[in-house]
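Heads up, the thing below is written out as structure tokens.
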Amino acid sequence: MAEYHYDVVVIGAGPAGEGAAMNAAKNGKRVAIIENKEMVGGNCTHLGTIPSKALRHAVKQIITFNTNSMFRDIGEPRWFSFPRVLKNAERVISKQVKLRTQFYARNRVDLYTGTAYFLDPHRIEIRGSQTSNEILNAKNVVIATGSRPYLPSNINFRHTRIYNSDTILKLSHTPRTLAIYGAGVIGSEYASIFAGLGVKVDLINPGDRLLSFLDDEISDALSYHLRNNGVLVRHNEEYESVEGEENGVVVTLKSGKKLKVDAFLWCNGRSGNTDNLGLENVGLEPNSRGQLTIDKQYRTEVEHIYAVGDVIGWPALASAAYDQGRAASSELVGDSFYRYVDDVPTGIYTIPEISSVGKTERQLTDEKVPYEVGQSFFKDLARAQITGEPVGMLKVLFHRDTKAILGIHCFGDQAAEIVHIGQAIMSQEGEANTLDYFINTTFNYPTMAEAYRVAALNGLNRIF
């Protein structure tokens, strides 16, 4: 059994693992990465962010075609099956895998395929690889194993009509009706996608509002537009049982309601991938959700073992995971780029999409901060009128006295791109963070970015 020595061994080749491996390698460390899938990219590339967002884009193109009067000269509205749309989306995955494989080769990071298992705090055995089991001896370890859907034991996920957010990508037909349990980010995104394909969707929400961490006005807008697109949102409902039958699924709710649907999709919670790592051999114990506890330097309770990405819980975003991985390796190599990632913009790819950064109105009100609101509605922007995307708004929250920007909330086409302009100004120190920037800066016309100028002028009118 061969044994190899490394400065850094990273477990998991998703965004968090990639960020850690690349930064350590660029700082002259000998780095290895262990991945249990046949190809790099992690769940982000193969099961989560990339396929679902590519799928959403394809569905959005279908909606645009079917709702644009100009295309009626070409023919009648067209509807595509879920498998056909998914196949179109899969082309992105291969491109991402090729690109990321090149990253590891170019930076001389050794890639091992198999399952990592701790023999002791410094030795990791690679199990299930095509060659004989190998052992990597590591000075430092970064755990970036990601997460998977939490699956309750009283639902039979082996039934051909019952899916979770991973297995839904293997759906081989287009259901007429679909029940989605869980109205978080993933559930809301898939509700938008399937509704866009003409599926009648029941979105079952155990809570009392959609995405309660969002600004209330944005959450209300999402709820309205989901319903406007045919999604029936059922708040304050919990399942009693989910029974798969030959020709459908019966969902019984604790309130006594029964739903008969063609398919059922579970989107309620995720668990960290820590159960097969042999953590008991290094003295680490995950919490009840399989997540590891870390300090402000991303260290676990074992000093030379770090953890990043979904395996540590919040915010469980690919964008944050990459930065967390880079930050952990910055800490262990001692470079100047370390930061604790705690200010992350949300990017929610519903139809229309949502993005925000900073405080919400509710938070500022509770904290008794004297804030004011600047608004810009997309229906009034020339660019939105040109593109036929009039749904949405930009909301800028700013301090009434200093005009410092406190929060940016955006709903509509390109929201996840638009938010970064406001984020850049918010991150400036002292008086450089000011609403006046948007008044004194010339924006290209027509653009969606112009929404900031409109919102700033709107806000100023409220304080003079």
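Just a few scattered comments:
- From most to least packed by mean Cβ count within 10 Å, the peptides 258-265, 220-227 give 258-265, 220-227.
- Site pair Gln297 and Leu111 shows an inter-label distance of 3.2 nm when each label is modelled 7 Å from Cα along Cα→Cβ.
- Under 5 Å between amide hydrogens, built in the peptide plane, is the criterion, and for Val344 it picks out nothing among residues at least 5 positions away or on other chains.
- Cα-derived Rg over Rh, computed across the range 334-453 with Rh taken as Kirkwood radius: 0.99
- Separation of the Asp120 and Ala432 label points, Cα + 7 Å toward Cβ, nm: 5.0
- Cα gyration tensor shape of the range 258-319, rounded if a/c is under 1.5, else prolate or oblate by comparing a/b with b/c: prolate
- Which listed pairs, of Lys37/Lys260; Lys200/Lys359; Lys368/Lys403, have C-alpha distances above 27 Å, in listed order: Lys37/Lys260; Lys200/Lys359
- Per principal axis, descending, Cα span of the range 125-166 in whole Å: 44, 24, 16
- Shape of the range 297-344, Cα gyration tensor, a/c cut at 1.5: oblate
- For the chain, the fraction of 1.4 Å probe accessible surface lying on carbon and sulfur atoms is 48 percent.
- Shown is the FRET efficiency for Asp366 and Asp342, computed with R0 = 22 Å from the Cβ-Cβ distance and rounded to the nearest 0.05: 0.70.
- For the range 315-339 and the range 217-269, distance of Cα centres in Å: 37
- For the range 91-139 versus the range 398-464, the gap between their alpha-carbon centres in whole angstrom: 44
- Sequence of Val185, Val250 from largest to smallest accessible area, 1.4 Å probe: Val185, Val250
- Value in Å of the Kirkwood radius, where the range 243-349 supplies the Cα pairs that are averaged: 16.8
- Between the range 37-67 and the range 141-164, the alpha-carbon center distance in angstrom: 19
- 15 Å reach of a label modelled at Lys87, 7 Å along Cα-to-Cβ, counting backbone N of the range 155-177: 170-174
- Highest to lowest packing among 362-370, 434-442, scored as the average C-beta count within 10 Å: 434-442, 362-370
- Range of Cα positions in the chain per principal axis (Å), largest first: 69, 63, 46
- Packing, as the average of other Cβ atoms within 10 Å across residues, places the peptides 280-293, 395-408, 40-53 in the order 40-53, 395-408, 280-293, highest first.
- Note that the range 227-344 presents 50 Å² accessible area per residue, ligands and nucleic acids not counted, probe 1.4 Å.
- Our helix-only sum for the chain, with -39,500 (n - 2.57) per DSSP H run of n ≥ 4 divided by its residues, gives a mean residue ellipticity at 222 nm of -9000 deg cm²/dmol.
The values are calculated or read from the model by the stated rules, or taken from the named source; none is laboratory data. This structure is a prediction, so every number in the text was calculated from the model and none was measured. In this analysis, Cβ positions are derived from the backbone assuming ideal geometry, glycine residues included, and neighbour counts consider all displayed protein chains. We work out accessible area using only protein heavy atoms, side chains counted, and drop any ligands, DNA or RNA first. Shrake-Rupley method; radii C 1.70, N 1.55, O 1.52, S 1.80 Å.
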